[in-house]
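The block underneath contains the structure these notes are about, expressed in structure tokens.
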Amino acid sequence: MFLFLILLSSAIALIVIGAVVDGMLYLVSTGVLLLVVAVLYLLVRSIVRSRRGRPTAF
């Protein structure tokens, strides 16, 4: 969860800085990419956790 929070806060900071400073579109795109990576990380982690708790059918 700590990694997700670090990725999320970094993404938000990059998006805000890139939007405020003129000509820093690459920071906005990097922030959006980090945001997507953070959401995918959280999704994969939740799927793995939910499968680990289930008993197997065999």
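Residues that are part of a helix (DSSP H, G or I) and open to solvent by 70 Å² or more (accessible area, probe 1.4 Å) within the range 16-31 comprise VAL16, ILE17, ALA19, VAL20, LEU25, TYR26, listed in sequence order.
Annotation note: Cβ proximity below 8 Å between a residue of the range 34-51 that is under 10 Å from LEU7 (Cα atoms) and a residue that is open to solvent by 70 Å² or more (accessible area, probe 1.4 Å) and assigned to a helix (DSSP H, G or I) (sequence gap 6+ or interchain) occurs for LEU35/ILE12; TYR41/LEU3.
The values are calculated or read from the model by the stated rules, or taken from the named source; none is laboratory data. Computed from a predicted structure; not experimentally measured. Positions of Cβ are backbone-derived with ideal geometry, glycine not excepted, and every protein chain shown enters the neighbour counts. Surface areas here come from the heavy atoms of the whole protein model, side chains and all, with no ligands, DNA or RNA. Shrake-Rupley method; radii C 1.70, N 1.55, O 1.52, S 1.80 Å.
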